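Since the structure comes first, as structure tokens, the remarks are kept for the end.
The values are calculated or read from the model by the stated rules, or taken from the named source; none is laboratory data. Only a predicted model underlies this, so the values are computations on that prediction, with no experimental measurement involved. Please note: Cβ atoms are built from the backbone with ideal geometry, for glycine as well, and neighbour counts cover all protein chains shown. Quick note on the areas: whole protein, heavy atoms, side chains included, nothing else; ligands and nucleic acids left out. Shrake-Rupley method; radii C 1.70, N 1.55, O 1.52, S 1.80 Å.
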Protein chains: 2
Amino acid sequence: MRLSRLLGERYKEKPAEASLISHIFLLRGGYVKQVSNGIYSLLPPAKRIVSKIEQIIREEMDSIGGQEVLLPVVMPKELWEESGRYKAIGAELARFKDRNDHDMLLGMTHEEAAVHLVRNDAVSYSKYPFMIYQIQTKFRDEPRPRGGLIRVREFTMKDAYSFHTSQEDLEKFYQECFEAYHRIFRRVGIPEVVAVGSDTGMMGGNVAHEFMLLCEAGEDTIAVCKQCGYKANLEVARANIKHNDCSENILKEVHTPDITTIDDLASFFGLPAGRFVKSAVFAVQNSSKPLVVFIRGDLEVNEAKLRKIVGANVFPLTEHKDVPLCFGFIGPMGLDEVELDIIFDRSLEGELNLICGANKKDYHMKGFSMKRDIKVDKYYDVSKINSGDRCLNCNSGVIELVRGIEVGNIFQLGTKYTASMNMEYTDVDGQRKNPIMGCYGIGVGRLMAAVIEARHDDYGPIWPVSIAPWHIHICVLNSNKEGVNEFAFELYEKLRQQKYEVIIDDRGLNAGVQFADADLLGIPVRVIVSAKNLEANKIEICTRDKKIKKLVDKDDIIKEIQSLLT
Amino acid sequence: MRLSRLLGERYKEKPAEASLISHIFLLRGGYVKQVSNGIYSLLPPAKRIVSKIEQIIREEMDSIGGQEVLLPVVMPKELWEESGRYKAIGAELARFKDRNDHDMLLGMTHEEAAVHLVRNDAVSYSKYPFMIYQIQTKFRDEPRPRGGLIRVREFTMKDAYSFHTSQEDLEKFYQECFEAYHRIFRRVGIPEVVAVGSDTGMMGGNVAHEFMLLCEAGEDTIAVCKQCGYKANLEVARANIKHNDCSENILKEVHTPDITTIDDLASFFGLPAGRFVKSAVFAVQNSSKPLVVFIRGDLEVNEAKLRKIVGANVFPLTEHKDVPLCFGFIGPMGLDEVELDIIFDRSLEGELNLICGANKKDYHMKGFSMKRDIKVDKYYDVSKINSGDRCLNCNSGVIELVRGIEVGNIFQLGTKYTASMNMEYTDVDGQRKNPIMGCYGIGVGRLMAAVIEARHDDYGPIWPVSIAPWHIHICVLNSNKEGVNEFAFELYEKLRQQKYEVIIDDRGLNAGVQFADADLLGIPVRVIVSAKNLEANKIEICTRDKKIKKLVDKDDIIKEIQSLLT
């Protein structure tokens, strides 16, 4: 490729709209162009990188027995009604009516289409296990697209779906896929990706992992214990709750005029936040009743955990016009007559002598005892973990909260889709059963952006050979001097004949511009052909990471390049 | 691949919903599954074929300097308002509102996105010419999807866009792309594809070609002259009109009670249809005035030609409540006071002594002379060509109408998009100009179906090696006999080591089932390992097209396979 012909300009200046490193370099390097909020076109260098990433993913999916298919972007409403997700999912599912007024949607994930594809064929246990995958465009109408390719609305994704006849078999395959994912991240140049336990969210199922590149640009927060290696997404990380050591006390109403927050209550009573019962009220999607969550005053409600428990989206409320709740003074006692649902966090289990709202304006109760004063059938884990908490896993390390980019996820789905969509097979015992599913995703564009976050310097991305848009970048200095262009183009042709992907800067610009552009393109090996060095029969060669930079005899140049690229 | 693991069943019976050969075999062979009207999932064999077709297209696009990009499926309304197509295109453009109530659409073609991608970068003539292409999913809400993958709503397409600084340069590149297309069709196994002149339709521009596989399954009609090789889509084919040889006559009103059709008039007057003026009335999209077309009575109006002339969609009318038109008796004279537009077909030019409507119920005029009795500024070509017409190109051959599948199309677009979307460059003379565009499409799935239409027998598709889902299909007969399975699997592994793509029928089924499935999978080379032949140290080998079928020494089998596959 001649650089003069390459589409997409490179820019010196940081674009105003970008703050993440990957976003900045994707724009400055002529990799992407925004078409709409969260919707991008890929220019040739990005398309080349993405194709190489896709091929690596394809090879690793094939290596664990995956069969590549192609499922549609546009699907009819009926398919998603079968699984119940047509209603369960909100505005992030883009919907439209076709010319015959039929309800259609844009696939943001493809469990339904995967089950549809195989449910009539895989009717005997002997067909199992199997895995299908695709690399296809998806659209998810994100409320807040951000960070260039980090969070977009339209994206290319590898999504895979496995089908099994037993939980053990799913777990075995899940582990194989887990390892294939680590191989993929290693091969694309980010071996540092870690797997963390995660929420299954709208996917359903119980076990799930996210593959995270830990870095500041990430929008996920992960609880990490350096002591034992415990890692979990904030959405599922379990806090190690140290219970209060109080004795029972007499229950008594206290006048607390206008004192409604935990902070104010703590000052008023001169007690730590952990001695109070905090209430939080939520509206629940598709439910008319509000939900009240009681949790210890030193903790926060984790909405992701809450969503999973109630099986629907939740929205915090600070007032409710129909239900008589005394906001600021809500407490667990005396709510029996009120039309609402209640959840108790496990932080309250067994606690004595707490202070809680009296469900009466300007009053709280003190001496409240969980066991004595109310009846709780079940405690749930809805609390957020905090930085500095003791690790629940090893009980000695301290939890740190770090940021990460989710570059892949895997889920054990169980029979959520196969049962709701009536996919059955005849098992070895003659019984009809629903197969057990797993699903496995990798966002291709986000993965490219993550590689930049992990591998860059002040001047641009540092692509690994495996996914670099080209292998070798030839700069030509003083190209008007005799013999310089000739040598450079001869080298270019020789390298191309050896199947290297080469880009040559044929623009005749000064060294500064050429080097800045080469840094933005991030090609692993750079060859600098200059009049001065050529006079001494020398060629300069360096690597993009700036670790190697040397003059070599011009007759040795191809050998040197080969050794850098193997 | 072990056939027992392959997803997708094969069926003996012709599916009720299919009538086209390609549709039948795609369903019977386990290649595709319908998800909704005109929306299909691809099973592994089809995905493998499609990927190989895509790679061939990619190589040929790269060979003429194409740069691969990726444009979005979902685009904002504003982009298509710039070109004017948001309004100009009807229900086939799928539209939806995103979560912020913003109007979005699904790309059915990508001229707008292509211009958007490059318009800020290609600002100097020195960047030109260039071509970008993508292979991406599109959605076109077809009113009548049909024939499996022949006419669908969602499809994968290679679309390319070239940009030039002169018409000559566009024509030069257009020719290169024309040749690349022929190479593509040759490489995927249908060298018989022909290029025909075509209408530019909603694309705009003037010159366009369609690449047609001529076969009964096609839904396009092409006018062909076997004498001179003239080929054109019915939509643009020009009829060779033989003018009447009449003398001028006196204009006279004739009472023609209830006689309104050309057939009835011909009987009434005892004259051939070519002596009458036929009128056809149309509503024009975005126009309140009706359009009357006058054409000779022996010819029909070609609506595609008409659409192009008026630059909008047209709909035939048989009545009009606001405009005083005397349907059945409409003629060219005395329409000056009526609010309408008129087009005269070139078949009427210079004609004398015709019979036309008198714009008065139950009356016609005879002796009507085009020159003498009305004033016509311009005649247009809006007539349909008919089978049996003399060829206008060679003036001696006879036009035949044949059916064809359109597998590709190329358009010279001119500046329709660059002018409307303000894409400019500075030319060598310092002037700001709009670049001249071409665009070039190939539908990948339809191409796969077209290969089946061209290459099949009664039992299934006959894939060429270049796009076959696998190269070699091993059938194993009497696999329970000693040594049979061992030999077959050893051969399987050896061939795989040589990078052949091999499928082995490991199901232990009878020969009939194995051969029927092998025919449906259409793999070029079949190896039949059987106990009987193995005893004599022989292996049967045959090609899918049944032209070669022989026994070879088992030690020669790999050599024989190699020779069949090169």
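A few comments on the model shown:
- Per the listing A:R95, A:R186, A:R140, the residue uniquely over 27 Å from A:R455 (Cα atoms) and without any contact (Cβ under 8 Å) to a residue 40 or more places away in the chain is A:R95.
- Qualifying positions in region B:451-510 - among the hydrophobic types (A, V, I, L, M, F, W, C) and more than 40 Å from the chain's Cα centre (by Cα): B:V476, B:L477, B:V484, B:F487, B:A488, B:F489, B:L491, B:L509
- Residue match in region A:48-67 (condition: closer than 30 Å to A:F96 by Cβ and in contact with a Pro (Cβ under 9 Å, 6 or more places away or on another chain)): no
- Counting only residues that are surrounded by 19 or more Cβ atoms within 10 Å (Cβ to Cβ) and out of contact with any strand residue (DSSP E or B) (no Cβ under 9 Å at 6 or more places or on another chain), region B:518-538 holds 1 of them.
- Residues of region A:1-48 that are within 8 Å of chain B (Cβ to nearest Cβ), over 29 Å from B:L105 (Cβ atoms) and either touching a helix residue (DSSP H, G or I) at 6+ places or on another chain (Cβ under 6 Å) or not hydrophobic (A, V, I, L, M, F, W, C) (or both): A:S4, A:R5.
- Of the numbered criteria (1) modelled with pLDDT of 95 or more; (2) within 10 Å of another protein chain (Cβ to nearest Cβ), the one B:I56 fails is (2).
- B:L213, sole failed condition from (1) in contact with an Asp or Glu (Cβ under 8 Å, 6 or more places away or on another chain); (2) over 14 Å from B:G441 (Cα atoms); (3) facing chain A (nearest Cβ under 10 Å); (4) not in a helix (DSSP H, G or I): (3)
- Across region B:77-99, the number of residues qualifying as closer than 14 Å to B:A114 by Cα and not aliphatic (A, V, I, L, M) comes to 3.
- Matching option when the condition is surrounded by fewer than 19 Cβ atoms within 10 Å (Cβ to Cβ), in a helix (DSSP H, G or I) and modelled with pLDDT of 90 or more, among B:E179, B:E192: B:E179
- Selected residue (criterion: nearest to the chain's Cα centre (by Cα)) from residues of region A:136-148 that are within 10 Å of chain B (Cβ to nearest Cβ) and open to solvent by 20 Å² or more (accessible area, probe 1.4 Å): A:E142
- Going through (1) open to solvent by less than 10 Å² (accessible area, probe 1.4 Å); (2) more than 17 Å from the chain's Cα centre (by Cα); (3) more than 9 Å from chain B (Cβ to nearest Cβ) one by one, A:A122 falls short only on (3).
- Among the residues of region A:1-48, those that are of a type in the set (F, W, Y) and crowded, with 21+ Cβ neighbours inside 10 Å comprise A:F25, A:Y31, A:Y40.
- In region B:416-436, the qualifying residues are those that are surrounded by 17 or more Cβ atoms within 10 Å (Cβ to Cβ) and out of contact with any His (no Cβ under 8 Å at 6 or more places or on another chain), and the one that is farthest from B:Q167 (Cα to Cα) is B:S420.
- Of all residues making up region B:217-254, the number that are part of a strand (DSSP E or B) and open to solvent by less than 90 Å² (accessible area, probe 1.4 Å): 11
- Number of the condition not met by A:T109 [criteria: (1) assigned to a loop (DSSP other than H, G, I, E, B); (2) at pLDDT 95 or above; (3) facing another protein chain (nearest Cβ under 9 Å)]: (3)
- The condition (being at pLDDT 95 or above, within 14 Å of another protein chain (Cβ to nearest Cβ) and in a loop (DSSP other than H, G, I, E, B)) is satisfied by just one residue among B:L117, B:L93: B:L93.
- The set of residues in region A:437-457 being assigned to a strand (DSSP E or B) and open to solvent by less than 10 Å² (accessible area, probe 1.4 Å) consists of A:M437, A:G438, A:C439, A:Y440, A:G441, A:I442.
- Being at pLDDT below 95, on the phi > 0 side of the Ramachandran plot and not assigned by TED's automatic domain parsing to the domain that holds A:K278 holds for only one residue in A:G397, A:G388, and it is A:G388.
- Filter pass, A:E490 being open to solvent by 70 Å² or more (accessible area, probe 1.4 Å) and in a helix (DSSP H, G or I): yes
- All of A:S63, A:S51 fail the test of being more than 10 Å from chain B (Cβ to nearest Cβ) and either surrounded by fewer than 24 Cβ atoms within 10 Å (Cβ to Cβ) or of a type in the set (D, E) (or both), apart from A:S63.
- Condition check for A:V281: in contact (Cβ under 8 Å) with a residue 12 or more places away in the chain and touching a Cys at 6+ places or on another chain (Cβ under 7 Å): no
- Selection from region A:261-276 of residues that are touching a residue at least 24 places away in the same chain (Cβ under 8 Å) and part of a helix (DSSP H, G or I): A:I262, A:L265, A:A266, A:F269, A:A273, A:G274, A:R275
- In region B:3-54, the residues that are of a type in the set (S, T, N, Q) and part of a loop (DSSP other than H, G, I, E, B): B:S19, B:N37
- Scanning region A:539-566 for residues that are open to solvent by 60 Å² or more (accessible area, probe 1.4 Å) and in a strand (DSSP E or B) yields A:K549, A:K550, A:L551, A:D553.
- All positions within region B:482-505 that are farther than 23 Å from B:V465 by Cβ and of a type in the set (D, E, K, R): B:E482, B:E486, B:E490
- Residues of region A:517-538 satisfying the condition of being within 38 Å of the chain's Cα centre (by Cα) and part of a strand (DSSP E or B): A:V525, A:R526, A:V527
- Taken over region A:104-137, the criterion of being over 27 Å from B:M1 (Cα atoms) and without any contact (Cβ under 8 Å) to a residue 60 or more places away in the chain is satisfied by A:M104, A:L105, A:L106, A:G107, A:M108.
- Matching option when the condition is at pLDDT 95 or above and open to solvent by less than 40 Å² (accessible area, probe 1.4 Å), among A:G483, A:G460: A:G460
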